[in-house]
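Data first, discussion second: the structure below is written as structure tokens.
The values are calculated or read from the model by the stated rules, or taken from the named source; none is laboratory data. Since we're looking at a predicted model, the values are computed, not measured. All Cβ positions, even for glycine, are placed from backbone atoms using ideal geometry, and neighbour counts span all protein chains on display.
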Amino acid sequence: MELLNLNQVSQRDLQSQDQNKLYTTLKGIVSKSVVTNKNRARSWKYGYDAKYDIVIISKTGEIGDIININGLKIALPKPPKDVYKRSSTKKEQYWEASGYPKELSRIKSIFQWHEVPDQFKSKWVDYIESEFDRREEGFWFMNNGSPTYITGTHYMYLQWTKIDVGLPDFREANRIFYIFWEACKADKRSFGMCYLKIRRSGFSFMSSSEGVNAATITKDARIGILSKTGSDAKKMFTDKVVPISNNYPFFFKPIQDGMDKPKTELAYRVPASKITKKNMYEIEDNELEGLDTTIDWKNTGDNSYDGEKLQLLLHDESGKWEKPDNILNNWRVTKTCLRLGSKVIGKCMMGSTSNALDKGGSNFKKLYEDSLPSKRNSNGQTKSGLYCLFIPMEWNFEGYIDMYGMPVLRTPKEPIIGIDGEDISMGAIDYWENEVESLAQDADALNEFYRQFPRTESHAFRDESKQSIFNLTKIYQQIDYNDSINLKHQVTQGSFAWKDGIKDSKVIWHPNKNGRFLVTWIPEAGMRNRVEIRNGKKYPGNEHLGSFGCDSYDISGVVVGKGSNGALHGMTKFNMDNAPSNHFFLEYIARPQTAEIFFEEVLMACVFYGMPILAENNKPRLLYHFKNRGYRGFSMNRPDKTYNKLSKTEKELGGIPNTSEDVKQSHAAAIESYIEKHVGLDFSEEYRNPEEMGEVYFSKTLEDWAKFDITNRTKFDAAISSGLAIMANQKHLYTPSKQKSKISINFARYDNKSSISQIINR
């Protein structure tokens, strides 16, 4: 398999590739006739539409395109007939904030407005009404010849939010961010968003802007701020939230209670009135009742906002919470502040880069992975309640955004004018690759760069370098390669089932987005369900092709967060049949509702592929399941002992213990050897062509290998089961004899402080 040469891919091609798209436009979700009829009646309702499984963010009753952002299907508003144009010339069409009229800027409050002459009010009331409409419904403008929609919140950010460099730039990446956020707000099932960001993406200002925007239009609400430390939360409040609020025009800004520059709480008591032609001449008494809305911040801790009702929680730098503070514990508590029974009454805007895994990053990683919109429970919610979003660095990297807000991905043939008016002569990806190359000899600096400016999710969660028993260079080469290709072409998700529901008949494979199995190879029809009967017992008919390894569990119910997953891996041997050689073809890492479901799924996989399984026998219920169903012949005996040396239980069930030090060492050595031969690039040309990348497409397994700790193996389910699969395929290496073992179990340790992993001891 040839490596993808991104340098040879054109700019246009890059933006059209799946891995470089921020969204896709969906067709056929709703029939044209339904869209037309409902648009005519303006009957589309803002929020989640269960019938069509879409989130409608339009507030006009009409919808246009339906797009998919990270698994969330979002219906945009229908473009108006007249879209704002900065210029009639295509190349001069881009976002440009309109200036605040000087005459209006002199008015500081709604009370001053009611004191000015009616003639003055009549002159400006249309302008003010228009700004309120844009705030509510969003705004369309022509951008390089294309009608472009921004949400009302995004409009408030671009037009009325003052940041450290003045007014913000328009960026396509931020447009998608705000559309996704609007969908989170509209979706009654969602508690908000978990945004995995790059450094200097503007999230702190964008979330601060959202906080002020929400606070100034909501009655009896509370908006909270959290960050990695209390001082960071305070700084966000004083340096961002308060100045943004103070810079609002009078018709958006309520009357503040207290100082102009508060330190702990921003309180809005009297609201800004929505000025219209009907009320522009006088103010009603009920308009002075007050908003009673506040914005405040809290010190970092698990119980920061415990027991308090929140309309909005701004959660900055959530990937950098270090012990004893735990973002997972905090979210479990603060989530209750955003709900009333089953009803979601508030939202969380969470965003961060990630620390190293042992410095808060692992908790944030889990929270992010629990927020995938594609994985929901029976209530229609993700495990965390949030929706996660990741935008690669090349889409939002300062200095590489053109005047239309689009990224310059690859070095252009001719310089491109940037958003700041400066020429862009290099692509963002090229710059990134040059930085990676320059840091190649400093692994810790390189991994920090990956976390700050990730192009993939695995970059964002890249751990610190450390001494490892495995070659991290090869593992990360493989992970990066997997991230660069469309794995949908390599990996299929699905499930197994007995034909017609009849157990012990034939097993059928069903591609299924909710299935717990990931597979890269399905045997041809004649090779499936090969079960041999010998002396009335069932044995695998494809033992010559490969084996399974399994890390099982016995107990269905566990304390929340304490139960490990069950893991199963299928791997082929070197063979001359119509099957890949030395290839991991199946990964299963899950914990179904009951252990019995797991046992049956493992059994069906073994029967379908006709391959034996080597499992740890310290958790024997899986092995009893095989025996009781007549499949004892599928359960391999431990290869390091002859049959007459096996214990009574080992003879009865098969399997291998996980307590033996020799077994632990042999298991780790098996993984080490496989990585050297079949993972990443082989620059030594010892095992394959140096340009040929390995073919391990299961990134969870690769990540487990990277983190594997032989002294504390319990957390590494994927590493355990994959290593057992390798051992099963190589059982001849462990056969006892009078001679010295054919392999060394004193496996290497690697120093990963440089670009190439170095063996440091044997």
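Among the residues making up segment 665-694, those that are of a type in the set (D, E) and modelled with pLDDT under 90 are D682, E685, E686, E691, E692. In the set S425, S438, S458, which member is farther than 30 Å from W95 by Cβ and either surrounded by fewer than 17 Cβ atoms within 10 Å (Cβ to Cβ) or β-branched (V, I, T) (or both)? Going through S425, S438, S458 in turn, just one is farther than 30 Å from W95 by Cβ and either surrounded by fewer than 17 Cβ atoms within 10 Å (Cβ to Cβ) or β-branched (V, I, T) (or both): S438. What single numbered condition from (1) under 26 Å from P736 (Cα atoms); (2) buried (at least 19 other Cβ atoms within 10 Å of the Cβ) fails to hold for I589? Of the numbered conditions (1) under 26 Å from P736 (Cα atoms); (2) buried (at least 19 other Cβ atoms within 10 Å of the Cβ), the odd one out for I589 is (1).
Close Cβ contacts (under 8 Å, 6 or more residues apart or on different chains) running from residues in segment 433-454 that are more than 17 Å from W395 (Cβ to Cβ) to residues that are of a type in the set (D, E) and assigned to a loop (DSSP other than H, G, I, E, B) comprise D444/E464; N447/D463; N447/E464. Criterion applied to K641, K627, K651 was being part of a loop (DSSP other than H, G, I, E, B), in the same structural domain as V507 (by TED's automatic domain parsing) and of a type in the set (D, E, K, R), and the one residue passing it is K641. Considering segment 699-729, the residues that are within 19 Å of Q478 (Cα to Cα) and among the hydroxyl-bearing types (S, T, Y) include one that is surrounded by the fewest Cβ atoms within 10 Å (Cβ to Cβ), namely S699. Is segment 443-452 home to any residue that is modelled with pLDDT under 95, assigned to a loop (DSSP other than H, G, I, E, B) and among the basic types (K, R)? No; the residues of segment 443-452 include none that is modelled with pLDDT under 95, assigned to a loop (DSSP other than H, G, I, E, B) and among the basic types (K, R). The sole residue among V242, V212 that is touching a helix residue (DSSP H, G or I) at 6+ places or on another chain (Cβ under 8 Å) and of a type in the set (A, V, I, L, M) is V212. Quick check on segment 661-672. Is at least one of its residues without any contact (Cβ under 8 Å) to a residue 40 or more places away in the chain and in the same structural domain as E596 (by TED's automatic domain parsing)? Yes, segment 661-672 contains a residue that is without any contact (Cβ under 8 Å) to a residue 40 or more places away in the chain and in the same structural domain as E596 (by TED's automatic domain parsing). What about Y734, is it among the hydroxyl-bearing types (S, T, Y), closer than 27 Å to R621 by Cα and in contact (Cβ under 8 Å) with a residue 40 or more places away in the chain? Yes; evaluated as a whole, the condition is true for this residue.
Residue count for segment 211-235 under the criterion of being buried (at least 19 other Cβ atoms within 10 Å of the Cβ), in contact with a strand residue (DSSP E or B) (Cβ under 6 Å, 6 or more places away or on another chain) and in a helix (DSSP H, G or I): the result is 4. The residue of segment 176-204 that is surrounded by the most Cβ atoms within 10 Å (Cβ to Cβ), among those that are within 19 Å of R455 (Cβ to Cβ) and hydroxyl-bearing (S, T, Y), is Y195.
Does E587 meet the test of being at negative phi and in contact with a Leu (Cβ under 8 Å, 6 or more places away or on another chain)? Against the criterion (at negative phi and in contact with a Leu (Cβ under 8 Å, 6 or more places away or on another chain)), E587 qualifies. Of all residue pairs spaced 6 or more apart or on separate chains, those with beta-carbon atoms under 7 Å, a first member in segment 35-51 that is on the phi < 0 side of the Ramachandran plot and a second member that is among the polar types (S, T, N, Q) and modelled with pLDDT of 95 or more are W44/S58; Y46/S58. Checked against (1) buried (at least 22 other Cβ atoms within 10 Å of the Cβ); (2) under 24 Å from L733 (Cα atoms), Y631 passes all but a single condition, namely (2). Scanning segment 494-514 for residues that are touching a helix residue (DSSP H, G or I) at 6+ places or on another chain (Cβ under 6 Å) and of a type in the set (G, A, S) returns a single hit, S505.
Of all residues in segment 371-412, those that are within 13 Å of the chain's Cα centre (by Cα) and assigned to a strand (DSSP E or B) total 4. Quick check: anything in segment 397-405 under 30 Å from H678 (Cα atoms), in contact (Cβ under 8 Å) with a residue 40 or more places away in the chain and hydroxyl-bearing (S, T, Y)? No, segment 397-405 has no match at all. The criterion of at least 2 residues that are surrounded by 13 or more Cβ atoms within 10 Å (Cβ to Cβ), touching a residue at least 12 places away in the same chain (Cβ under 8 Å) and not assigned by TED's automatic domain parsing to the domain that holds G418 is met by the following helices (runs of 4 or more DSSP H) wholly inside segment 67-150: 110-113, 118-137.
Among the residues of segment 344-389, those that are polar (S, T, N, Q) and at pLDDT 95 or above comprise S371, Q381, T382, S384.
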